[in-house]
1. Once you put a point 7 Å from the Cα of Leu359 and another 7 Å from the Cα of Glu65, both along the Cβ direction, what distance in nm separates them?
2. Roughly what % of Cα-Cα distances in the range 136-207 sit above 16 Å, to the whole percent?
3. Starting from the Cα gyration tensor of the range 108-151, multiply each eigenvalue by 5, take the square root, and state the resulting semi-axes largest first in whole Å.
4. Please state the relative contact order of the range 102-146 as a whole percent: Cα pairs under 8 Å, 6+ residues apart?
5. Can you pull the percent of Cα pairs in the range 51-192 with separation above 20 Å?
6. Under 14 Å from a point 7 Å along the Cα-to-Cβ line of His305: which residues of the range 355-382 have their amide N that close?
7. Would you be so kind as to identify which of Phe174, Ala156, Ala133 lies farthest towards the positive end of the dipole of the range 126-208, taking Lys and Arg as +1 and Asp and Glu as -1 on Cβ and the Cα centre as origin?
8. At a threshold of 8 angstrom on Cα-Cα distance, excluding pairs fewer than six apart, so keeping six or more, what relative contact order does the chain reach in percent?
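The values are calculated or read from the model by the stated rules, or taken from the named source; none is laboratory data. These figures come from a predicted structure and were not determined experimentally. Positions of Cβ are backbone-derived with ideal geometry, glycine not excepted, and every protein chain shown enters the neighbour counts. For the accessible areas, the whole protein counts, side chains as well, though only heavy atoms, and no ligand, DNA or RNA atoms are used. Shrake-Rupley method; radii C 1.70, N 1.55, O 1.52, S 1.80 Å.
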Amino acid sequence: MAQVVRGVIGAGLVLGAAALPLAAQSMALPAVDPVGIARSGAQVAYGYSLEAATANPALLASLKEKSGFYLTAGMELSSSQQSLESNQRTSFSFDRNRFIGGFGLARRLSPTLTLGLKLDEPYLRHGRLLDDAPSRYFGDGLDLSARRLEGQAAWALNPNMSIGLGLGLARLGFESSSVMRFGVPLDPTQPASGTNPVQGLVEQRVAQSGNKLVPSYSLGFRWALSPRWTLGATHQSGLKGDLDLHAGFRDASLGVYNNDGLSQPLAGTAPRAAALLGASVPVTGGAGTLELPSQTTVGIRHRAHPMVTWEADLRWTSAGLRVPALAQVVTPSGTVTAPAELPRGKSHLGVSASVEVELGKFWTLRSGLALDQRSVEDPMTEPLLGGSRTAAFSIGAGYRTWGGELNFGYQFRQSEDQDTRRLDGVWSSSGFRATGTRTRVEGMGHLLALGYKLTF
């Protein structure tokens with residue numbers, strides 16, 4: 001038996017290590033509870049698990065105990081970096097940490113009906129770039145979150161088959177910022193013209209933020225093919241809402257420049273720049289629609305041994321990723337917009353797998369692996385939304401104590417290196433111009449949580 005356990009754990013470590021060179025950071029979180037994190041989200045067919053019922057409401061009908069709940073809290077940490085080929089300078093992001101948390105509970109009302117409630121965070125993405133980052137004109141800050149609360153119900157059609165439904169609300173939060181430049185005329189309160197020429201440029205950060213409550217739902221199915229094999233499937237709805245956005249300037253001016261966008265400004269440009277900003281109005285970029293994609297997952301679980309259970313999931317993510325256009329600024333000379341918008345997502349496949357080993361009466365060890373295709377087109381690579389190929393490796397453990405189970409989960413994520421020539425550029429009085437310099441975009445992240453589960 002010791003050889004079986006070592007073999008399973010060793011295989012998980014090898015697969016995880018092999019995945020790291022392919023990795024990239026995903027906007028979708030596998031879970032916020034330590035059990036789901038340790039399984040890398042591979043649990044839609046995992047019966048007898050209250051945490052897995054967060055992903056598939058049909059699994060509520062398979063719980064052994066009549067009632068149960070879990071509470072969890074943790075951290076999500078992520079960062080990105082950009083390296084210019086021309087000077088080998090590397091720019092790192094900041095605003096890297098976010099608190100995550102959630103809970104789940106279940107109550108069996110009859111042999112055929114079980115009710116539940118869950119709070120989780122299906123999507124999370126954040127980061128701020130330095131003031132002089134190469135891609136700052138394409139967006140230099142993002143804070144996107146989705147917190148979802150759903151009531152759940154599961155019906156047992158027979159001892160081996162069940163269906164589930166979840167209905168609830170999700171709170172979408174969004175903030176984006178970008179750095180823009182504005183021409184400073186001789187008279188900054190009047191439009192630029194032949195008699196009122198542009199004397200320089202001022203650089204300023206502009207941001208917008210808003211939130212929205214939107215409906216959400218989930219559907220689930222579970223079929224125990226035999227005592228050892230289980231098939232599960234679930235569909236998590238997309239989240240879409242028109243945010244009530246508010247735009248404004250952020251921080252002080254980032255500098256003034258001559259018309260070429262590089263050299264020192266003429267004397268008197270700074271006070272004219274301040275007057276120009278005072279006469280300008282930031283406005284939101286368009287309708288402010290935030291759309292996060294739906295996910296459909298099919299999984300197969302196998303209890304290979306009384307101590308060892310594994311699962312493999314195949315996941316389809318729709319093309320429904322869209323974020324609001326970057327904020328604009330109305331100046332006396334007209335409306336100024338960013339050179340480009342953040343990219344839209346595309347549909348893609350993902351696969352995940354997990355192994356769980358029960359060691360005696362007290363300890364449970366878990367490990368998981370996840371791989372995803374690109375979620376944005378290759379030419380649109382940028383550091384805020386990411387979107388390159390994704391991989392993650394996770395580990396975790398559970399210890400039965402205090403009448404329940406104390407669990408810990410950790411996931412490591414690292415982005416595939418991507419090269420692009422569209423991010424670096426010069427913004428002069430004639431507008432933005434790409435230099436064609438190759439920029440390498442990288443990233444990494446960590447996800448960890450501690451939780452406690454009690455069943456009775």
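1. 2.3
2. Numbers: 1838 of 2556 pairs.
Result: 72 percent of Cα pairs exceed 16 Å.
3. Details: eigenvalues 384, 8, 6 Å².
Semi-axes from the Cα gyration tensor: 44, 6, 6 Å.
4. Numbers: 54 pairs, mean separation 14.6, N = 45.
After rounding, I find 32 percent.
5. Details: 6344 of 10011 pairs.
The proportion of pairs with Cα distances above 20 Å equals 63 percent.
6. Residues 355-360, 365 fall inside that zone.
7. Positive-most Cα among the choices belongs to Ala156.
8. Working: 1427 pairs, mean separation 97.4, N = 456.
Worked out over the chain, it gives 21 percent.
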